[in-house]
Amino acid sequence: MKKPIQTDSSVSPDTTPSANPWETYWKGTRQCSTYKEGETDSHILTREWKQCFNELAYPTVRMLDIASGYGIVARMATTAFFSRPHEITCVDISESALRAIADKLPSVTTRVCDASRLPFEDCSFNLITSQFGIEYAGEEAFSEAYRVLEPNGTFMVIAHLDGGGIHKECEANYAALEQFRETLFISRSIHLLETKMKRESTQAEIDVALEKAKPAIKATAELIKKYGRNVAGGTLDKIFNDVARISRNAQNFAPEEVFKWLKLMEVEMQAYSQRMKSMCTAAIDDHVADKIKSTAKSKGIIVNKFEKLPFSKGGKNCAWLIHGTKVVRNESI
Ligand SMILES: C[S@@+](CC[C@H](N)C(=O)[O-])C[C@H]1O[C@@H](n2cnc3c(N)ncnc32)[C@H](O)[C@@H]1O
């Protein structure tokens, strides 16, 4: 029997794309587009996680992975701790993401919650991890993580870097998706296809619908040219070409199916855009980095590393690597 996924009451039950774009994303997507630039199997990230896990000498590792998504870090940890006692808990704001973890890693405990309000007692874990996640919940989430970490516990986070490679890609995706929305391409396409699909439509009516759709078609083609075919995970290019293909043989397609698909695309692209915006907002700049460091110090965390990391050797910096240890009680900071 599947383990139930607990949901914390602080998480809004509203899972509409605007309220929880991540839920929409994880529900509908298998891969996180963030990682296009280097995939999470980036040797550098994997090496950092392996090194962190291998250095730990706790008799039982009690790990909390924050904003786990599909559980990439939890999976690496499960392998690293295979022959040692360990308990892994994953939290995320998206139930669908955690459902995927529960299905693949049944030994992992999952809990839907907002990372800025962790539903755990102080000092509950000796290892806190997060990869491109905790920063979405704001600076309070760092304080929360420090709170639930026990003395001598380890804190290891890889977070979005403001101005880094991922940040720049997200900014371009967001700009392209917002401009695409303004073209009204989807509503104009629906009107054009509807007119073409109706057997009783006259050629004059089709021509009018086409004239109306032309500015949206032109603007979308220009957007794809400007930002590249891969922008927003290739979704703009795909929808543009699919609409053109359907339009050429409109009579051969079932209207309900086509309109359902276009409406779904509209919702997914809205969620995609919101996600890109939240990634841009989450990225940590030098000023916020200083604040995180000083909060860490005030909460008893000795920061061992706070550095910028590329995804590949010689590549652009993409992330912050933050590694700390919580001081043992009564030890001076
Ligand atoms: C870029 S994905 C990273 C997922 C995963 N850690 C990985 O490396 O693939 C960001 C994750 O943060 C989660 N998230 C966003 N805001 C959150 C919040 N306030 N509290 C908890 N999780 C959040 C999203 O659902 C998503 O799974």
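How large is Rg/Rh for the chain, to two decimals, with Cα atoms and a Kirkwood Rh? Rounded to two decimals, Rg/Rh equals 1.06.
The C-alpha atoms of the chain define a longest principal axis, and helix 286-298 lies at about 30 degrees to it. As a length-normalised measure over Cα pairs under 8 Å and 6 or more apart, the relative contact order of segment 166-278 settles at 43 percent.
Solvent-accessible surface of the chain, taken per residue with a 1.4 Å probe and all protein chains present: 49 Å². What number, in percent, do you get for the relative contact order of the chain if the mean sequence gap of Cα pairs under 8 Å and at least 6 apart is divided by its residue count? Relative contact order for the chain comes out at 21 percent. Among 95-107, 126-138, 52-64, the peptide with the highest mean count of other Cβ atoms within 10 Å heads the list, and the full ranking is 126-138, 95-107, 52-64.
Within the accessible surface of the chain, defined with a 1.4 Å probe on protein heavy atoms only, the carbon and sulfur portion equals 52 percent.
Distances between every pair of Cα atoms in segment 103-235, grouped in 10 Å steps from 0 to the bin holding the largest one, split as 10, 24, 19, 17, 15, 10, 4, 1 percent.
Summary of the geometry: segment 48-126 and segment 245-315, compared by the centres of their Cα atoms, lie 21 Å apart.
Under a 5 Å amide H cut-off, with hydrogens placed 1.01 Å from N, residue 152 pairs with 326, 327, 328 among residues at least 5 apart or on other chains.
With N counted as the residues of segment 263-319, its alpha-carbon radius of gyration over 2.2 N^0.38 Å works out to 1.63. Counting heavy atoms of the protein chains alone, residue 78 has an accessible area of about 30 Å² for a 1.4 Å probe. Divide the volume of the convex hull around the Cα atoms of segment 214-272 by the residue count and you get 84 Å³ per residue. With respect to the chain, whose longest principal axis is taken over its alpha-carbon atoms, helix 203-227 is tilted by about 30°. The 3J(HN,Hα) values that the Karplus relation (6.51, -1.76, 1.60; θ = phi - 60°) gives for segment 310-324 are, in residue order, x, 7, 9, 4, x, x, 5, 5, 10, 8, 9, 10, 10, 10, x Hz. Gly and Pro appear as x. Remark on segment 166-278: ratio of C-alpha radius of gyration to 2.2 N^0.38 Å is 1.10.
Distance from the Cα centroid of segment 166-221 to that of segment 134-164 is 42 Å (rounded to whole angstrom).
The values are calculated or read from the model by the stated rules, or taken from the named source; none is laboratory data. Please read these numbers as outputs of a predicted model, since none were measured by experiment. Every residue, glycine among them, receives a Cβ derived from its backbone with ideal geometry; neighbour counts consider all protein chains shown. Each accessible area value is taken on the protein alone, full model and side chains, heavy atoms only, with ligands, DNA and RNA left out. Shrake-Rupley method; radii C 1.70, N 1.55, O 1.52, S 1.80 Å.
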